[in-house]
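Student: Please find one structure pasted underneath; my questions will follow.
Only the coordinates and a few stated rules stand behind these numbers; no lab work does. Since this is a predicted model, take the numbers as computed values, not measurements. Every residue, glycine as well, gets a Cβ built from its backbone with ideal geometry; the counts of neighbours run over all protein chains shown.
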Amino acid sequence: MNPSMISRRSWRPPILVMVALTALALVAVRSLREPVLRAAGWALVLNESVSSADIIVLSLDSGGAGALEAADLLQSGISKRVAVFENPPSLKDHEFIRRGVPDEVEGARQIRQLRSLGVTDIVRISTIEGASTEGEGQALPPWCDEHQLQSVVFMASKDHSRRVRRVLDRVMKGHSTRVRVQHSRYSDFDPDRWWETRRGVAAEIVGLQKLLLDVVLHPMSF
């Protein structure tokens, strides 16, 4: 037999083993892909159990989904009132108002949605212009103190809810109000399938960046 043929045949088993191992590795990676992606999605999400509360507070970024969930919670008897954050009118807002266009200040849309859903007891919490989650967090404690609130359900967007919990843990220290975080079932963000849509991917990337930045800046938050 030709020595070169023997040599080539002797290499076949190792090559076949390598091919098989590579195939198994690819299958394993694919089988792990979705669990890893789901874990990344759920890293952004927090939903705490709630009971009767003095008021439900809607974050601005919870949007219409937050208004729907708040209306459902009122219907179930969790609370009787809803509060909405509202930024002061910007130059653009003032110009729309001057021209007779309906008020489009941040929070106004949520208020209209709540009223259309039958919610009548709505109060407003003023924040600084362009307020973020941190801005809402700064506005909440003194407002709760002023109104002597014992319990609050804070409605956050699903993909920001865990970071909101961290922010509220910091700002509510030293205040007697108990705050529980809820997210809306009507949120577009799906932690189990977020990678399947561009909107989901964008929400995951932005949410994860903000959460990681919060962890870096405030490593001792619990």
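Student: By a straight-distance test (C-alpha under 23 Å), which lysines pair with Lys210 as possible cross-link partners, with residues fewer than eight away in the same chain excluded?
Tutor: Within the straight-line limit of under 23 Å, Lys210 reaches these lysines: Lys158, Lys173.
Student: Let me ask another. Ile205 versus Glu48, label points 7 Å from Cα toward the beta carbon: distance in nm?
Tutor: 3.2 nm
Student: Let me ask something else. For Met220 and Gln148, FRET efficiency with R0 = 35 Å and r from the beta-carbon atoms, rounded to 0.05? Provide the component values of the computation, followed by the final result.
Tutor: Values: r = 29 Å, r/R0 = 0.84.
Efficiency for this residue pair is about 0.75.
Student: While we're here: Kindly write out, for region 206-218 in residue order, the coupling ³J(HN,Hα) from the Karplus curve 6.51 cos²θ - 1.76 cosθ + 1.60 (θ = phi - 60°), rounded to whole Hz, with x marking Gly and Pro.
Tutor: Calculated HN-Hα couplings, in order: 5, x, 5, 4, 5, 5, 5, 5, 5, 5, 5, 6, 9 Hz.
Student: Taking a cut-off of 15 Å between Cα atoms, list the aspartates and glutamates near Lys80, but don't count ones fewer than 8 places away on the same chain.
Tutor: Straight-line reach from Lys80, under 15 Å: Asp54, Glu69, Asp72, Asp121.
Student: Could I have the simple spin-label model distance between Lys92 and Arg198, label points 7 Å from Cα toward Cβ, reported in nm to one decimal?
Tutor: 2.1 nm
Student: Quick one: which residues, 5+ away or cross-chain, put their amide H under 5 Å from the amide H of Val57? H built at 1.01 Å from N.
Tutor: Ala83, Val153, Phe154, Met155
Student: For region 117-222, rounded, prolate or oblate, judged on the Cα gyration tensor with a ≥ b ≥ c (square roots of eigenvalues), a/c < 1.5 rounded, else prolate if a/b > b/c?
Tutor: The shape class here is oblate.
Student: Could you give each residue of region 83-91 its phi-based ³J(HN,Hα) in whole Hz, using Karplus coefficients 6.51, -1.76, 1.60 with θ = phi - 60°, and x for Gly or Pro?
Tutor: 10, 10, 6, 9, 7, x, x, 8, 4
Student: Just grab the label-to-label distance for Glu134 and Leu32, each label 7 Å out from Cα along the Cβ direction, in nm (one decimal).
Tutor: 3.5 nm
Student: While we're here: Show me the three semi-axes of the equivalent ellipsoid for region 48-191, from the C-alpha gyration tensor (sqrt of 5 times each eigenvalue), largest first, rounded to whole Å.
Tutor: Semi-axes, largest first: 23, 18, 15 Å.
Student: For a quick check: with amide H placed at 1.01 Å from N, whose amide H comes under 5 Å from Ile125's, ignoring anything fewer than 5 positions away on the same chain?
Tutor: Result for Ile125 returns Val84, Phe85, Glu86.
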